[in-house]
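Peer 1: Got a structure for you, questions after.
What follows draws every value from the coordinates through simple rules; no lab data is involved. The structure presented is a predicted model; accordingly, all values stated were derived computationally and were not measured.
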Amino acid sequence: MDCSDLHEYFAVIHNKLLEESLIIQATINMHCRLVIPFLLICFYSCNNPEKVSLNTSVLHSRNFFIKTDATISSVGYLNNYLLCLQENKKMVVLDSNYQRNTSIENRLNSYALTSLFTYNDTLFAFIKNKVFIIDTAFNLLSYLPRRHNYYHPLYTDSLYEVDGSCAGEFGGAIFFRNKNTDIVYSYPATCPDQVLLYKGRYVAGISLQHMGRRMSYLVIDDPSQLYKITDEELKTSNNWYLSVDSLKNGPSSRKGVVKYEGPDGTLPLASFVKDDSLYSLLNDDSINYIVVHKNNRLYKRQVLSTKGLRFFDRHPVKTDTKKQILWSGLMSSIASKDALKTQQKSALIVINEGNIDILTFEPSAIF
């Protein structure tokens, strides 16, 4: 093969390669035109799952720091006063401006109370195993407690008394007792901690702190459509549904019941209504922030604090559509001359028509 033949041979090969290259490039261009818009759509969808119209109201918050002698063990609410019982059995009484009222403190300290509990508008006090009612003049009245079949009172209205039970990772339930018929309806719900009525529907906050924090919300249209409990023993069972064969693997769907999840690693502190919207205050160890409920989903609305207060429990004191009060334990580490010790603090969260106050109690004693 002479040089001219070689030139002709390589020219043919070059033309074929060029032709194949153009075909490949055209294919790539076509794929890019298809794939890139698809990726953009996916990216937009992930960051904007759906277009919703959210309430633009600004929610205001304030922080207060209150010195105490010891950790708060229980809290009551009466006559617009916050009654905080310390571990040393001494009272801290705060008015609506969070100023201490020593006169009421001295009066209540004379009783040597061991615990406080508010249910609806009634403040109960315990002295060891005896129960009393504290009246509006801060006097103790004798009280004979009625038998209560369930666990934690969560809500009451003209028709239902709502209670919740919690057995941690082993389950829990929410109970609705019809006040007119005394019939009890229930639904599996691990550790319900708050119930409120929003637009005619009962909304229950549910959370579990075992092996990491998990939370969800249960929305119930009509409690009479839940499971009817007739066995008296089951009315006092945390996980009564485990004795029902059809429910051992989880509850079946019920008409008018919707459940939606919240973010993992987060503790729901309180839910409240403002300007016709339902909000929840959440804590994830690094920030406190507010979400708004919309179409059975949660949307982050506003960051309140990045101070990293770690709430490890919460106890509702007062819950209604306008005002919610709850207290919680806080854990923080402080340095001492011996070592790094853990000091247990307490916090009160007061939500009044959407305005949020966080009161941190700082005990002088180290436990």
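Peer 1: Report the gain in length on full extension from K300 to R100: 0.36 nm times residue separation, minus Cα-Cα distance, nm rounded to one decimal.
Peer 2: 68.5 nm
Peer 1: Could you grab the relative contact order for segment 66-164? Cα pairs under 8 Å, six or more apart, rounded to a whole percent.
Peer 2: Normalised by residue count, the contact order of segment 66-164 is 16 percent.
Peer 1: Output the direction-averaged projected area (hull surface divided by four) of the convex hull of the alpha-carbon atoms of segment 87-162, in nm².
Peer 2: Quarter of the Cα hull surface area: 6.6 nm².
Peer 1: Given that compact globular proteins tend to follow 2.2 N^0.38 Å, what is the ratio of the alpha-carbon Rg of segment 147-265 to that value?
Peer 2: Values: Rg = 13.4 Å, N = 119, 2.2 N^0.38 = 13.5 Å.
Normalised Cα radius of gyration, segment 147-265: 0.99.
Peer 1: Separate question: Under the 0.36 nm per residue contour assumption, what length would be gained going from the current alpha-carbon distance of T360 and D135 to full extension?
Peer 2: Full extension from T360 to D135 adds 78.3 nm.
Peer 1: How big is Rg to Rh over segment 56-206, alpha-carbon atoms, Rh as the Kirkwood inverse-mean-distance radius?
Peer 2: A ratio of 1.01.
Peer 1: Okay, moving on. Can you run phi through the Karplus equation (6.51, -1.76, 1.60; θ = phi - 60°) for segment 127-133 and list ³J(HN,Hα) in whole Hz, with x for Gly and Pro?
Peer 2: Running phi through 6.51 cos²θ - 1.76 cosθ + 1.60 with θ = phi - 60° gives 10, 6, 9, 9, 10, 9, 10 Hz.
Peer 1: Sticking with this structure for a sec: Can you list residues whose amide H is under 5 Å from K274's amide H, if they're 5+ apart or on another chain and H is modeled 1.01 Å from N?
Peer 2: Y279
Peer 1: Pairs K199/K274; K274/K294; K90/K323: which are spaced more than 23 Å apart, C-alpha to C-alpha? Show your work: numbers first, answer last.
Peer 2: Numbers: K199/K274 12 Å; K274/K294 14 Å; K90/K323 26 Å.
Among K199/K274; K274/K294; K90/K323, the Cα-Cα distance tops 23 Å for K90/K323.
Peer 1: Follow-up. Under the 0.36 nm per residue contour assumption, what length would be gained going from the current alpha-carbon distance of H315 and V258 to full extension?
Peer 2: In short, 18.1 nm is gained.
Peer 1: Let me ask you something else. Whole-Hz ³J(HN,Hα) for each residue in segment 254-264, computed from phi via Karplus 6.51 cos²θ - 1.76 cosθ + 1.60 with θ = phi - 60°, x for glycine and proline: what do you get?
Peer 2: Per residue, the Karplus-derived 3J(HN,Hα) values read 10, 4, x, 10, 10, 10, 9, 8, x, x, 5 Hz.
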